[in-house]
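In what follows, a structure is listed as structure tokens, so that the remarks can point back to it.
The values are calculated or read from the model by the stated rules, or taken from the named source; none is laboratory data. In this text, all values refer to a predicted model and were calculated from it rather than measured experimentally. Neighbour counts are summed over all protein chains in view; Cβ atoms, including those assigned to glycine, are modelled from backbone coordinates with ideal geometry. Accessible surface is based on the protein model in full, side chains and every heavy atom, while ligands, DNA and RNA are left aside. Shrake-Rupley method; radii C 1.70, N 1.55, O 1.52, S 1.80 Å.
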Amino acid sequence: MSNLITLNNIRKIYKMGNEKIVALNDVSLSIDRKEFICLLGTSGSGKSTLLNMMAGLEKPTRGEIIIENHHIEKMNEKQLAQFRQLHIGFVFQSYNLISTLSALENVSLGLTFRGIPRKKRENIAKKMLESVGLGNRLNHKPSEMSGGQQQRVSIARAFVENPEIIFADEPTGNLDSKTTVEVMNLITGMAKKNEQTLIIVTHDPEISPYSDRIVHLRDGNIEKISKNKHKGEGNR
Ligand code: ADP
Ligand code: MG
């Protein structure tokens with residue numbers, strides 16, 4: 001497998017008045033193409049900070065983030081926005097859907113920037129929503145859907161552009177246990193089918209067995225990295 005993401009000595013300090021909070025102390029990590037990584041740790045261990053660094057949503061205080069030869073830490077806002085557009089899909093705990101738009105509009109919005117004509121965008125979005133089991137909810141607004149359905153819409157939105165990397169921050173954090181299993185099966189199944197690299201943040205040890213490797217975070221450091229045995233080469 002070939003390397004896709006490299007983190008070298010990432011440090012992130014937040015300043016709050018006179019106080020310095022070390023969110024990430026000194027994190028180095030290498031992630032392969034098509035790998036499924038789980039960032040596991042208790043609340044406050046630095047999981048979201050690390051994910052946001054890799055996705056170019058925040059700058060490290062120190063260190064390098066290299067994705068396919070691009071130095072993320074050196075990019076300006078415009079370059080970052082374009083990079084995310086081309087390479088990255090997101091799934092958030094709180095769905096982050098646009099409340100005034102229908103499921104179909106939320107999913108097709110991401111395709112607007114590609115210059116695809118509206119009718120075609122809607123067809124692609126419709127197929128995507130059908131594939132996440134929401135073919136009968138196309139015109140529903142977020143408030144007219146359950147949490148699990150809203151997360152399915154946000155999954156359809158993340159995958160619709162077929163990005164190389166999917167980042168998900170506690171994607172099942174607001175869902176009951178049955179819906180959690182459905183949503184996890186959906187995300188992991190789609191990433192596998194499309195041969196995408198998947199990085200999921202969670203504090204829930206029940207989620208981590210799905211992954212190839214578990215990166216255990218503690219107080220802003222990698223405590224250990226464990227491999228899931230059933231996930232050998234060629235299994236994904
Ligand atoms: P996790 O996602 O593992 O719960 P975070 O990465 O969100 O943890 O946070 C790691 C640490 O950094 C926590 O102590 C948190 O309070 C702090 N932190 C996160 N974001 C900020 C911020 N924007 N300003 C100040 N401190 C922050
Ligand atoms: Mg978090």
Seminar exercise, completed: Carbon and sulfur atoms account, in whole percent of the 1.4 Å probe accessible area of region 157-236, for 46 percent
For this session: Could you tell me which of Ser131, Ser108, Gln150 has its Cα farthest along the dipole of the chain towards the positive end, charges placed at Cβ (Lys, Arg +1; Asp, Glu -1), taken about the Cα centre?
Result: Ser108
For this session: Once you've got the Cα coordinates, tell me which of Lys120/Lys192; Lys12/Lys224; Lys15/Lys59; Lys34/Lys59; Lys127/Lys193; Lys126/Lys193 are over 21 Å apart.
Result: Lys120/Lys192; Lys34/Lys59
For this session: Could you work out the Rg to Rh ratio of region 1-123, with Rh taken as the Kirkwood radius (inverse of the mean 1/r over all Cα pairs)?
Result: 1.02
For this session: Starting from the Cα of Arg218, step 7 Å along the direction of its Cβ; do the same at Thr112; then give the gap between the two resulting points in nm.
Result: 4.6 nm
Exercise. Can you tell me the accessible area per residue over region 140-236, all protein chains present, probe 1.4 angstrom, in square angstrom?
Worked result: 46 Å²
Seminar exercise, completed: Within the under-13-Å Cβ sphere about Val153, not counting Val153, Lys/Arg +1 and Asp/Glu -1 give a net charge of +2
Problem set entry | Where region 1-92 is the region considered: accessible area per residue in Å², 1.4 Å probe | 50 Å²
Exercise. Counting every Cα pair in the chain, what percent are over 33 Å apart?
Worked result: 17 percent
Exercise. Which listed residue (Ala191, His203, Thr172) has the Cα farthest towards the positive end of the charge dipole for region 167-236, taking +1 on Lys and Arg C-beta and -1 on Asp and Glu C-beta about the Cα centre?
Worked result: Ala191
Problem set entry | Debye, to nearest 20: dipole size of the chain, +1 on Lys, Arg Cβ, -1 on Asp, Glu Cβ | 520 debye
Exercise. Counting Lys +1, Arg +1, Asp -1, Glu -1, what net charge surrounds Leu4 among other residues with beta carbon under 12 Å of its beta carbon?
Worked result: -3
Exercise. Ignoring ligands, DNA and RNA, what percent of the accessible area of region 20-148 is carbon or sulfur (1.4 Å)?
Worked result: 50 percent
For this session: Treating only the Cβ atoms of Lys and Arg (+1) and Asp and Glu (-1) as charged, compute the dipole magnitude of region 113-194 about its Cα centre; round to the nearest 20 debye.
Result: 560 debye
Problem set entry | Point-charge dipole on Cβ atoms (K/R +1, D/E -1) for region 1-136, about Cα centre, debye to 20 | 380 debye
Exercise. What's the local net charge at Glu130, with K and R +1, D and E -1, over the other residues with C-beta under 13 Å away?
Worked result: +3
Exercise. Dimensions of region 113-236 along principal axes (Cα, Å, largest first)?
Worked result: 48, 30, 27
Problem set entry | Alpha carbon centroid spacing (whole Å) that separates region 168-213 from region 47-115 | 18 Å
